Amino acid sequence: AKDPVRVLVTGAAGQIGYALVPMIARGVMLGPDQPVILHMLDIPPAAESLNGVKMELVDAAFPLLKGVVATTDVVEACTGVNIAVMVGGFPRKEGMERKDVMTKNVSIYKSQASALEKHAAANCKVLVVANPANTNALILKEFAPSIPEKNISCLTRLDHNRALGQISERLTVQVSDVKNVIIWGNHSSTQYPDVNHATVATSAGEKPVRELIADDAWLNGEFITTVQQRGAAIIKARKLSSALSAASAACDHIRDWVLGTPQGTWVSMGVYSDGSYNVPAGLIYSFPVTCANGEWAIVQGLSIDEFSRKKLDLTAEELSEEKALAYSCLN
Ligand code: NAX
């Protein structure tokens, strides 16, 4: 039998945490033969609720779940973890300035970076979910200099999956037959969902989405805005933000990273830019990636037309501004 993998979920008493921990304990993230030990962190006001989640995990009697650490102590939470899913953060409340929210999150991600750097297992892989996800991941990277940058990422897989979902609905095809959409840039409304290289498996072979949906107005307009604004649409409908889809996407992200992407398929991940596609180096930016042997690599050589170029640059500009704002919040 395999040794258990220790998986940290911060903000585990929250909405996404509540959807995510049972998925991890069932093997959705790391596979049906991989035992796990869950580390759950939250803050003292949520301690009782966190303990309730722990009770439910015990009650669910998950065969793969070999232990649960539920704590408000960041060092205890980070000790020995192989995977860290950072869902905890400070939400933007009505009337709050962007700078104030950024200040709170910068301080959270700065201190959690240090705890991970000192106490996590060697080669720990980190996924930041909490918003502003790209910039929180960047702060985490800056303050955990001994964690290799290739081990730090942020979640744009939910946006990627939303794009797959929209194409599948539009064509009334199975979502599993759609692949190779791309989310470029920030996990925000400036993200660019790109279908220029996406395909659909049909009985006549793989067909480009652009050929099957010969409606450029939709692909260049409503499709993009629907994906960009999907989070807001969920809030409007549910009066709560996306949780089950976010948790599922976090599992997809880690699973593909650890176990690899299928041949011929790429996924979107927010990763440290090396300047590929003329995206400024030093930002955490969402790119198309393939994964093998536990490492991601940016897909190279895709053609970028003028329409796309503008959108790649716009979301990069927003990330550069966020980065500057985050640095101005450091003290
Ligand atoms: P909730 O407010 O339900 O849960 C957040 C939890 O984090 C709370 O239990 C809170 O006590 C805890 N927390 C706060 N500060 C903490 C700290 N310093 N250490 C540990 N825990 C801390 O939010 P939820 O709906 O679960 O969303 C969590 C985060 O995911 C938010 O930042 C949200 O904006 C972000 N999202 C990111 C998405 C993505 O695709 N990247 C999509 C979904 C979601 O909107």
Checklist entry - Does the range 204-331 classify as rounded, prolate or oblate by the C-alpha gyration tensor (a ≥ b ≥ c root eigenvalues; a/c under 1.5 gives rounded; else a/b over b/c gives prolate, otherwise oblate)? => result rounded
Item to check | Gaussian network model of the chain, Cα within-10 Å springs - most flexible of 113, 198, 232 | outcome: 232
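Which GluC sites (Glu not before Pro) in the range 71-166 pass both tests, a DSSP loop state and at most 16 other beta-carbon atoms within 10 Å?
Filter output for the range 71-166: 94, 97.
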Item to check | Residues of the range 99-124 with amide N under 17 Å of a point placed 7 Å along Cα→Cβ from residue 3 | outcome: 119-124
Item to check | Least to most buried among 265, 226 (fewest other Cβ within 10 Å first) | outcome: 265, 226
Item to check | Ranked list, fewest to most other Cβ atoms within 10 Å of each Cβ, for 274, 33 | outcome: 33, 274
Next on the checklist: Along the Cα→Cβ direction, 7 angstrom out, place labels at residue 98 and residue 304. What is the inter-label distance in nm?
Outcome noted: 2.2 nm
Checklist entry - Taking residue 54 as the anchor, which aspartates and glutamates have their alpha carbon closer than 17 Å to its alpha carbon, excluding any fewer than eight residues away along the same chain? => result 42, 73, 76
Checklist entry - Rounded to a whole number of µm²/s, how large is the Stokes-Einstein D of the chain at 4 °C and 1.567 mPa s, given Rh as the Kirkwood radius over C-alpha pairs? => result 64 µm²/s
Checklist outcome for this item: Once the in-chain neighbours fewer than 8 apart are removed, the lysines whose Cα is under 19 Å from residue 239 read 93
Checklist outcome for this item: Assertion target for 78, 251, ordered by fewest C-beta neighbours within 10 angstrom first, is 251, 78
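On full extension of the chain, what length is gained from residue 293 through residue 66, given 0.36 nm per residue of separation minus the C-alpha to C-alpha distance?
This chain segment gains 79.2 nm when fully extended.
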Checklist outcome for this item: Within the set 130, 77, 214, GNM on the chain using Cα springs under 10 Å gives the largest fluctuation to 214
Next on the checklist: Rounded to two decimals, what is the ratio between the C-alpha radius of gyration of the range 111-244 and 2.2 N^0.38 Å?
Outcome noted: 1.26
Item to check | Anchor residue 179: lysines whose Cα lies under 19 Å away (excluding residues fewer than 8 positions away in-chain) | outcome: 207
Checklist outcome for this item: Largest fluctuation, 23, 55, 86 only, Gaussian network model of the chain with Cα springs under 10 angstrom, belongs to 55
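Among the listed pairs 141/323; 66/150; 118/141; 125/323, give every one whose C-alpha distance is greater than 18 Å.
The answer is 66/150; 125/323.
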Item to check | Mean separation of Cα contacts under 8 Å, 6 or more apart, over the residue count of the chain: relative contact order % | outcome: 17 percent
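What length, rounded to one decimal in nm, is gained on full extension from residue 107 through to residue 240, with 0.36 nm per residue of separation minus their alpha-carbon distance?
Result: 45.3 nm gained on full extension.
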Next on the checklist: Where in the chain is the longest stretch that carries no trypsin sites (Lys or Arg not before Pro) classed as loop by DSSP and with at most 15 other Cβ atoms within 10 Å?
Outcome noted: 94-238
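Every number in this text was worked out from the coordinates using simple rules, so none of it is lab data. Remember, predicted model here, so these are calculated numbers, not experimental data. Here the Cβ is made from the backbone with ideal geometry for all residues, glycine too, and neighbour counts use every protein chain on show.
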